[in-house]
Structures are given as structure tokens and as C-alpha cells.
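Visitor: Would you mind keeping the following structure in view while I ask a few things?
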């Protein structure tokens, strides 16, 4: 194996989105609690912090539906650190929401944006808008930031309506209203501050021996700066709406398949440009992260296309993806990329061949190990070295919730080949039912996989109340937060001991 790849070293880490950090603002951010969490990781023997996408979210708080795949989420900007920089006063900070549990994303955004606007005024009045560092950032990121800032300004100008309802000449709109230019500068300011705070946290983590793993969704939102600025790279009709949508075919758990609502890429157009947009996208991400989870890896080999007029996702069809040409172009431009192939779902030999051609580690999830087959790739003894093993993902219940809850597999309500009992899970992982999460963590740590990633909720021993996302359920997701002091000294010692005994602790 290529030892230059950091994913090939025998290590472990924790999956926790920064918004789930303790906070008195409704969501965690890049402030002091993030630095404290890095300290917790290091003292627990962990080498990696994996996150969900850090781009702006939609109105439900989902980081997988964003107005930009390049931009950082303004909600992650630490207001305390802005106050420390002199851009917010004590009076400004009085408007912060008290720490009284989870609050809705819309409310958190309202509070946050009002204070960011105050900070922007201070930044502008203090000459920051003319600062050399700010100017250099805007110039260096102009390939995506110019479009995104203009997109945001036009969104405000047109009352938040989707871009395909804007006038045809909106792209070239140059209003005399100085408020429009101010809106552009405000978005640039947000991204400049996000970048500055992010780099400070990443540098601190590197000094503690902790690397960052990011998440790159394969598809982008239709109502995004990405599609608006480069319509020719997507399958759109004359009304600028998708002519086909991304999704998934029927399976054991979705008899009609899945309709994701994302426009499809015009891969021929991307190939004509030698995948320049994708190269820029990955280049931005590799400056933020030390490794990247490449979402829905199957889509690069083949993808499920649902015609716009289809009555059901099952009316879609498979199409061929960009395959080797895509990854070869990336490597030629960016060098070897530390990517994790999210190869879950209806994969086949074509997906495996593409993954292995470029030596990418696959994903294995212990909750998926029980279909009754001894050859199940997620069973601990079937996990290879070039893999990243998880007890569960952000889309799954927690380990305790999965074992004790209403999972259809454990209720024996799935097809015959997919039936299992709790007793079988206990025989596989060992231990007692009330401690099944630690048994699963131990199994992941002891596996042959080079990298083991454990969701923070499993380390904390949380049940269903700790679940991050329920696919197909439109409300109540993405709001879980770790409570102050939940990561106790006992947890730290237990995790450190497991990490050391499994040979995953830093040397």
C-alpha cells in the first residue's frame, strides 16, 4: 500500500459535525469549543476528526443541500472570536441565544446573520475591506467566490426566488444601487472570516496530531451558484429546469427508489473542459481537509437518471459515469488525492474496479453487517486493510438506537435473506446489550481496516435521541448537539485504552 497516503496508516478518529459542538448559539462553531474538542481527540488517542460538508445549509439545516459547494457555512463563524478581534462589542453579544437546547436552523441563522452584519459594518468602517489580506483572499478564490457573492446579492435583490425565475439578463445586472455592491462585499467578508477561522483551527489540530476528513457530496443543489454560474455543465431544459434528476433505483428498503431532486451533470461537457470545475472544487477542499470522503462513489461509475416527467424514481435508468477519465484528470492536475470511496448501496464489479484502479479505501459499516450471509463485506472479519470502518454513519441510528430500537432488520421484518436477531449481533460483537456500543467500537478498532471512525454519539452511549439524520424525514434533522461535559474523563480513558490496544494510537 502507498504509505504516503495518510489514510493507510493504522489510526482512528471521531465523526462529529462542528454544528454538534456545545454552544450557546444554537449550533456549534469554529470557536473555543472546537479547539477544546481537538484537545479531547488528542488526549483520547484519536488522529482524525471527520465532519459532514461545511458548506452553507438549506432551510432545514441540511449540509447536503447548499447554495454553494465551495463556500463555508457562515453559521460556523465564531462570534466570540469576532468579538476577540474587536469586530463585535459586549452589547452586540447580548443578542446571542441562551444555551437552552437545540433551536431551529432558521432561528439560529437569523441571530447569527444579524451579528455578522454588525461585524461587517465594523470591518468596513475600520478599513478591513481595503486590507491586503482580504483583497488577496478575494483574488485567490475568485474562480468561485465572484459567482457566489453575486448569486447571493441577486438572491436578495429578487426576494429569495430561485435563480431560474430571474430575468434572462440577471447575470449581467449592474445596478446603480450601492446596496447591491455592499451585499457582494458582505458575502466576501463572510467567506474571508470563515477561511481565517478555519485555518486557525486546522493549524491548531495539526499541531496536536489531528487531521480533518471532509465530505464531498457528488451532486449539487439546483438553486445554487454552482448551477446558475455554469448551466452548460448540467442537464437543464430550455426553462433552465432539470431535464433529468439524480436518485437511486428500488431496493429492499425503498421499493419505488429514491428521488434526490438534484440536477444531473452533463458529463460530456465536463469532459470537454477536462473536468476544470471539479478540479477547482477538489482543490478548494484539499486546502481545508487532509482527506475527503467522496459521496456516492457509485455515481462516477454509473448513475441513476430519472426523467423530469417520471411518475416514480423506479422509472429511471442507469447511465454510464465519467469513470477513469475523471480520476485520471484529477490526479494529473492535483496529484494523488486522499479520497475515501463511499461505495455503499447497489455497487457491482464496475464500481469495485474503478475504486481499486485508483487505490481508494472503501467504506464498511458494522450496522450493515447482518444480511445473513457469511460473505457480507461489513462483517468485522471480512473488512480488508484498505478500508475505513464505521459503527454507523450520519444517516443511521446510533449503535444503541439501532440495537434496542425499531430497526426492521432486528425486527425480522425484511426479506428472508435480511433477517437477524439481537442474539446474532451479540454473538458477533460480544458484550452485554446495554454496552453494545462499546462492543461495536471494539470490533471496529480491532478490525484490519487501516482507519476506524466512530460517531461521537456512539462514544457517548446515546440512543435514538442522538440521531443526526433520518433520510426521507423532512424535519427534525441536523440539530443534535453534544452537551457540555458529556465527553467525560471515563470516556476519554476507555477510548484511549481501546485505541492503544488495537495499535491505532499515535506513536
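The values are calculated or read from the model by the stated rules, or taken from the named source; none is laboratory data. What you see is a predicted model; the values in this text were computed from it and never measured. Counting neighbours? That spans all protein chains shown, and the Cβs are built from the backbone with ideal geometry, glycine included.
Visitor: Looking at residue 481, is it touching a residue at least 40 places away in the same chain (Cβ under 8 Å) and touching a strand residue (DSSP E or B) at 6+ places or on another chain (Cβ under 6 Å)? Let's see the steps before the verdict.
Guide: Working: touching a residue at least 40 places away in the same chain (Cβ under 8 Å): yes; touching a strand residue (DSSP E or B) at 6+ places or on another chain (Cβ under 6 Å): no.
So residue 481 does not fit the description; no.
Visitor: Please give the number of the condition residue 51 fails out of (1) out of contact with any helix residue (DSSP H, G or I) (no Cβ under 8 Å at 6 or more places or on another chain); (2) in contact (Cβ under 8 Å) with a residue 40 or more places away in the chain.
Guide: Single failed check for residue 51: (1).
Visitor: Being modelled with pLDDT of 95 or more and in a loop (DSSP other than H, G, I, E, B) is the filter; apply it to region 251-273 and report the residue that is surrounded by the most Cβ atoms within 10 Å (Cβ to Cβ).
Guide: This residue is 264.
Matching residues to (1) farther than 24 Å from residue 30 by Cα; (2) out of contact with any strand residue (DSSP E or B) (no Cβ under 6 Å at 6 or more places or on another chain); (3) modelled with pLDDT of 95 or more; (4) surrounded by 15 or more Cβ atoms within 10 Å (Cβ to Cβ):
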{"residue": "145", "(1), (2), (3), (4)": "no, yes, yes, yes"}
{"residue": "149", "(1), (2), (3), (4)": "no, yes, yes, yes"}
{"residue": "164", "(1), (2), (3), (4)": "yes, yes, yes, yes"}
{"residue": "169", "(1), (2), (3), (4)": "yes, yes, no, no"}
{"residue": "177", "(1), (2), (3), (4)": "yes, yes, no, no"}
{"residue": "191", "(1), (2), (3), (4)": "no, yes, yes, yes"}
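Visitor: Let me ask another. Are any of the residues in region 274-283 assigned to a loop (DSSP other than H, G, I, E, B), surrounded by fewer than 17 Cβ atoms within 10 Å (Cβ to Cβ) and touching a residue at least 40 places away in the same chain (Cβ under 8 Å)?
Guide: Looking through region 274-283, at least one residue is assigned to a loop (DSSP other than H, G, I, E, B), surrounded by fewer than 17 Cβ atoms within 10 Å (Cβ to Cβ) and touching a residue at least 40 places away in the same chain (Cβ under 8 Å).
Visitor: Which number in (1) over 26 Å from the mean Cα position of the chain (by Cα); (2) on the phi < 0 side of the Ramachandran plot marks the one condition that residue 211 misses?
Guide: It fails just one condition, (1).
Visitor: Quick one: would you say residue 200 is farther than 27 Å from residue 264 by Cβ, under 23 Å from the mean Cα position of the chain (by Cα) and either part of a loop (DSSP other than H, G, I, E, B) or at pLDDT 95 or above (or both)? Write out each step before concluding.
Guide: Numbers: farther than 27 Å from residue 264 by Cβ: yes; under 23 Å from the mean Cα position of the chain (by Cα): yes; either part of a loop (DSSP other than H, G, I, E, B) or at pLDDT 95 or above (or both): yes.
Yes; evaluated as a whole, the condition is true for this residue.
Visitor: Shifting gears a bit: Condition check: in a helix (DSSP H, G or I), surrounded by fewer than 19 Cβ atoms within 10 Å (Cβ to Cβ) and modelled with pLDDT of 95 or more. Does residue 122 satisfy that?
Guide: So residue 122 does not fit the description; no.
Visitor: Another question about this same structure. Going residue by residue through region 158-177, is there one that turns out to be touching a residue at least 12 places away in the same chain (Cβ under 8 Å) and either within 20 Å of the chain's Cα centre (by Cα) or closer than 28 Å to residue 390 by Cβ (or both)?
Guide: no
Visitor: Residues 491, 436: which one is in contact with a helix residue (DSSP H, G or I) (Cβ under 9 Å, 6 or more places away or on another chain), outside any loop (DSSP other than H, G, I, E, B) and crowded, with 21+ Cβ neighbours inside 10 Å?
Guide: Within the list 491, 436, the selection yields 436.
Visitor: Considering only region 331-343, how many residues are surrounded by fewer than 20 Cβ atoms within 10 Å (Cβ to Cβ) and in contact (Cβ under 8 Å) with a residue 40 or more places away in the chain?
Guide: 5
Visitor: Checking the condition modelled with pLDDT under 95 and either farther than 23 Å from residue 240 by Cα or assigned to a helix (DSSP H, G or I) (or both), which residue from 309, 345, 299 passes?
Guide: On the way: 309 fails: either farther than 23 Å from residue 240 by Cα or assigned to a helix (DSSP H, G or I) (or both); 299 fails: modelled with pLDDT under 95.
From the options 309, 345, 299, the qualifying one is 345.
Visitor: Going by the conditions given, is residue 388 part of a strand (DSSP E or B), on the phi < 0 side of the Ramachandran plot and crowded, with 17+ Cβ neighbours inside 10 Å? Give the derivation first.
Guide: Values: part of a strand (DSSP E or B): yes; on the phi < 0 side of the Ramachandran plot: yes; crowded, with 17+ Cβ neighbours inside 10 Å: yes.
Spelling it out, residue 388 is indeed part of a strand (DSSP E or B), on the phi < 0 side of the Ramachandran plot and crowded, with 17+ Cβ neighbours inside 10 Å.
Visitor: A follow-up question, please. Tell me whether region 126-140 contains one or more residues that are surrounded by fewer than 19 Cβ atoms within 10 Å (Cβ to Cβ), in contact with a helix residue (DSSP H, G or I) (Cβ under 7 Å, 6 or more places away or on another chain) and not in a helix (DSSP H, G or I).
Guide: Checking region 126-140: not a single residue is surrounded by fewer than 19 Cβ atoms within 10 Å (Cβ to Cβ), in contact with a helix residue (DSSP H, G or I) (Cβ under 7 Å, 6 or more places away or on another chain) and not in a helix (DSSP H, G or I).
Residue-by-condition table, conditions (1) assigned to a loop (DSSP other than H, G, I, E, B); (2) under 21 Å from the mean Cα position of the chain (by Cα); (3) more than 17 Å from residue 289 (Cβ to Cβ):
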{"position": "23", "(1), (2), (3)": "yes, yes, yes"}
{"position": "52", "(1), (2), (3)": "yes, yes, no"}
{"position": "59", "(1), (2), (3)": "yes, yes, yes"}
{"position": "64", "(1), (2), (3)": "yes, yes, no"}
{"position": "92", "(1), (2), (3)": "no, no, yes"}
